[in-house]
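Taking it in order: structure first as C-alpha cells, then the write-up.
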Amino acid sequence: MTPTATSSTSSPPSPQRPSKSSHADATHSRSRGSPEIPGLPVNAAAESRSATSRGHRNAPLTLEGRLRLCPRIDAGPPIAHVAAGAGISRRLAKWYARWRARGEKGLLDHSSRPATSPARTPEGIADLVEALRRQTKHESARLAADLQRLHGVTLAPTTVHRILVRRGLNRLRDLDPPTGEQLREVIRYEHDRAGDLAHVDIKKLGRIPTGGGWRMHGVGTESARACERTGPGTGKVGYTYLHSALDDHSRLACTKPLDDEKAVTAVAFWHRAVAFFAAHGITPIRRCLTGNGACYRSTTWADALAATGTKHKRTRPYTPRTNGKAERCNGTLSREWAYVRDYTAERERRVARAEFMNYYNHERPHRPRRSPGPGPGPAWSTSTRKRPSASARSARPPPPPHRGGLPMRP
C-alpha cells in the first residue's frame with residue numbers, strides 16, 4: 001500500500017478525474033496517431049505500438065501483461081490510473097475482476113465458441129457423411145448431391161466440408177484407397193545390417209522413339225506422330241521395364257532396363273542383382289520384399305530365391321507403400337533420370353542411366369532413418385556412413401560431364 005500523509009497541510013492534492021472533453025481529445029489524438037510514451041521518442045513509440053499489435057508475449061494485455069497490471073491495482077491506485085500508465089483502455093477492469101475471482105487462471109483467454117450450437121448438423125447426419133466419404137471418396141459437392149439423391153438430406157457443400165474437417169477426412173491422402181480407412185502413422189524402419197532385406201520392384205516406362213517423343217515435340221504434333229511411326233513392326237514404340245533392387249540398410253541400388261516383366265526376365269535380373277551386391281560386400285541376401293505381380297508369384301521366382309538362400313516376402317495387395325523404399329527409388333529415377341531432360345532415343349536414355357546410377361550410389365546424399373540430415377558418404381558404405389578419406393576420393397575416376405542430364409556442381 002502507498003503511504004498516506006498524517007498532516008493535512010502536507011498531503012498532496014488528490015488526482016483529478018479527467019473530464020469528458022479531455023478524454024475525447026485524448027481519444028481523438030490516438031485515432032490520428034500514436035501518443036507519445038514518456039521517456040521514448042515519437043518514432044520509438046510507434047515501433048512499440050506496431051510490435052504490440054503483432055501480439056508478442058510482452059504486449060500490454062497478453063497473459064504476461066495482465067499478470068503485471070493486476071497486482072498494481074491491488075497495491076491501491078485506481079484502475080483508470082493503472083490503465084493510463086500502461087497506455088491501455090479501462091477495459092482492464094474486466095481482467096481485474098477475473099483476477100479477483102479466479103486468480104491467475106482467470107487471466108487466461110477464454111474460447112469465443114458458444115456453449116451450445118442449436119443449428120449444428122446432427123451427429124447422425126455427420127456419421128452418414130463420413131460413411132459416404134469412406135465408401136465413395138467423393139468431394140464435398142458430390143457428397144452433398146449424393147445425400148440429396150440417396151437419402152433426401154439437404155446439406156450445403158460447405159457444411160459437408162466442415163464435417164469432413166472435423167472428422168479428419170477432408171484430404172484423400174488421409175484415407176487408404178482400397179478400404180477407405182484412416183491411414184495409420186507412417187512407420188519408418190531400417191534393418192541393422194546390409195543384406196538383411198532387399199526391396200525389388202518393376203517400373204514401367206514408355207520407350208522414347210528415334211527423334212524424341214511427345215515430351216520433346218508436344219502432344220499431338222506432327223513431329224511426335226512421325227516419331228511414333230518409326231517403331232519396329234507395328235509402328236508402336238512400346239515400353240521399357242525398369243527392374244530395380246535396393247538394399248534396405250545401405251540404399252545401394254541395382255537397376256536394369258529390360259524388355260518385359262516375365263518370370264524368366266525377373267529371375268535373370270535377380271541373379272544379376274545378387275552378383276552386384278556381392279561385388280560391394282553385401283552377401284548373402286537374407287530376405288527379399290516384392291509386390292504381387294505374376295512374375296513374383298511364379299515357381300521360377302521361388303526356385304531362384306531358394307537357390308540364393310533368400311526368404312521371400314510380399315507386400316499387402318494394393319498397398320505399394322509397404323515397399324516404400326523401392327517406390328521412392330522409382331520416383332527418384334523418374335524425376336532425376338528418365339524425364340529430367342529431352343532424349344532423342346531410348347538408347348541415349350539408357351546410356352544416361354548408367355551414369356546416373358553411378359552418381360546415385362556413390363555421391364547422391366540419402367536420408368537414413370537414424371541420421372539427422374542427408375549424409376555425404378557413399379550409399380554402399382555398409383560399415384560406416386562417414387565421408388570417404390581424401391585418398392579414397394582422389395582415387396576415384398573423374399565424374400562424367402553430365403550425370404543423366406544433371407549438370408555438374410561447381
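Consider THR136 carefully, then state whether it is β-branched (Val, Ile, Thr) and loosely packed, with under 13 Cβ neighbours inside 10 Å.
Numbers: β-branched (Val, Ile, Thr): yes; loosely packed, with under 13 Cβ neighbours inside 10 Å: yes.
Criteria met by THR136.
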Go through the range 256-276 and count every residue that is in contact with a helix residue (DSSP H, G or I) (Cβ under 6 Å, 6 or more places away or on another chain) and of a type in the set (Val, Ile, Thr). 1
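Taking the range 105-120, which residues are farther than 30 Å from THR154 by Cα and at pLDDT 85 or above? Steps first, answer last, please.
Step one: filter the range 105-120 for residues farther than 30 Å from THR154 by Cα, giving 105-111.
Within the range 105-120, LYS105, GLY106, LEU107, LEU108 meet the criteria.
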Filter pass, VAL237 being under 19 Å from GLY206 (Cβ atoms), hydrophobic (A, V, I, L, M, F, W, C) and surrounded by fewer than 19 Cβ atoms within 10 Å (Cβ to Cβ): no
Of the residues ARG353, ARG287, ARG321, which is under 30 Å from HIS217 (Cβ atoms) and of a type in the set (Lys, Arg)? ARG353
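Residues are listed down the side, and each one gets a yes or a no for (1) at pLDDT below 90; (2) over 20 Å from GLU348 (Cα atoms); (3) surrounded by fewer than 13 Cβ atoms within 10 Å (Cβ to Cβ); (4) in contact with a strand residue (DSSP E or B) (Cβ under 7 Å, 6 or more places away or on another chain):
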| residue | (1), (2), (3), (4) |
| --- | --- |
| PRO157 | no, yes, no, no |
| HIS161 | no, yes, no, no |
| LEU164 | no, yes, no, no |
| ASN170 | yes, yes, no, no |
| ILE202 | no, yes, no, yes |
| GLY212 | yes, no, no, no |
| ALA224 | yes, no, no, no |
| GLY231 | yes, no, no, no |
| LEU246 | no, yes, no, yes |
Any hit, the range 402-410, residues being in a helix (DSSP H, G or I), more than 27 Å from the chain's Cα centre (by Cα) and modelled with pLDDT under 80: no
Of all the residues that make up the range 62-76, how many are surrounded by fewer than 17 Cβ atoms within 10 Å (Cβ to Cβ) and closer than 15 Å to SER89 by Cα? 1
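Does GLU327 satisfy the condition of being assigned to a helix (DSSP H, G or I), among the acidic types (Asp, Glu) and closer than 14 Å to VAL200 by Cβ? Spell out how you get there, then give the answer.
Numbers: assigned to a helix (DSSP H, G or I): yes; among the acidic types (Asp, Glu): yes; closer than 14 Å to VAL200 by Cβ: yes.
In short, yes.
The values are calculated or read from the model by the stated rules, or taken from the named source; none is laboratory data. Keep in mind it's a predicted model, so treat the numbers as computed, not measured. Every residue, glycine as well, gets a Cβ built from its backbone with ideal geometry; the counts of neighbours run over all protein chains shown.
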